[in-house]
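Following: one structure in structure tokens, then a few remarks.
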Amino acid sequence: MLDTKLKVCLVAGSPSADVSAIAKAITTDKNIQLRKIIQVSTNKFLNDVKTSAIDSADVLFLIDFPASGSPQNLIDKILYAVNNQNKPFFILLSNSVDFGRLKLLENIFRSL
């Protein structure tokens, strides 16, 4: 039997009620496999999830990302996935986003 689940990677700059609500909504659909990369502090993530989840994802959910402590290699990996692999993405911004670092992602918005 082939695995036909849609693979979603949720990347969050910090744990939050938004992250919890979106993750819960996504996991109610049994046809979706959710992997989470949730930053808890500079270069520290919940459950030590590997960034390879971005590579295997069909779609990215960026929640309150990037944060001030988000590693550059994670930002670069997301940029590559969107720009070079044409991965669709959803982004939710709040006041916890580092808007200076968000400017690093501006090219993905220009391509919309």
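Can you list residues whose amide H is under 5 Å from Leu10's amide H, if they're 5+ apart or on another chain and H is modeled 1.01 Å from N?
The answer is Arg35, Lys36, Ile37, Phe61.
Show me the three semi-axes of the equivalent ellipsoid for the chain, from the C-alpha gyration tensor (sqrt of 5 times each eigenvalue), largest first, rounded to whole Å.
Working: eigenvalues 90, 56, 34 Å².
Those come to 21, 17, 13 Å.
Suppose each label sits 7 Å from its Cα in the direction of the beta carbon; what would the Ser94-Asp58 distance come out to in nanometres?
Calculated label separation equals 2.8 nm.
Provide the net charge surrounding Ile63, with neighbours chosen by a C-beta distance below 12 Å and charges set as Lys +1, Arg +1, Asp -1, Glu -1.
-1
At q = 0.14, 0.17, 0.26 Å⁻¹, what is the log10 ratio I(q)/I(0) for the stretch 49-112, with the Debye formula run over Cα points and no solvent?
Once normalised to I(0) and log-transformed, intensities are -0.36, -0.55, -1.33.
Per the 1.4 Å probe, what fraction of the accessible area of the stretch 41-112, in percent, lies on carbon and sulfur atoms?
Result for the stretch 41-112: 51 percent of the exposed heavy-atom area is carbon or sulfur.
The values are calculated or read from the model by the stated rules, or taken from the named source; none is laboratory data. This structure is a prediction, so every number in the text was calculated from the model and none was measured. Here the Cβ is made from the backbone with ideal geometry for all residues, glycine too, and neighbour counts use every protein chain on show. Protein only, heavy atoms only, side chains kept; ligands, DNA and RNA dropped before computing areas. Shrake-Rupley method; radii C 1.70, N 1.55, O 1.52, S 1.80 Å.
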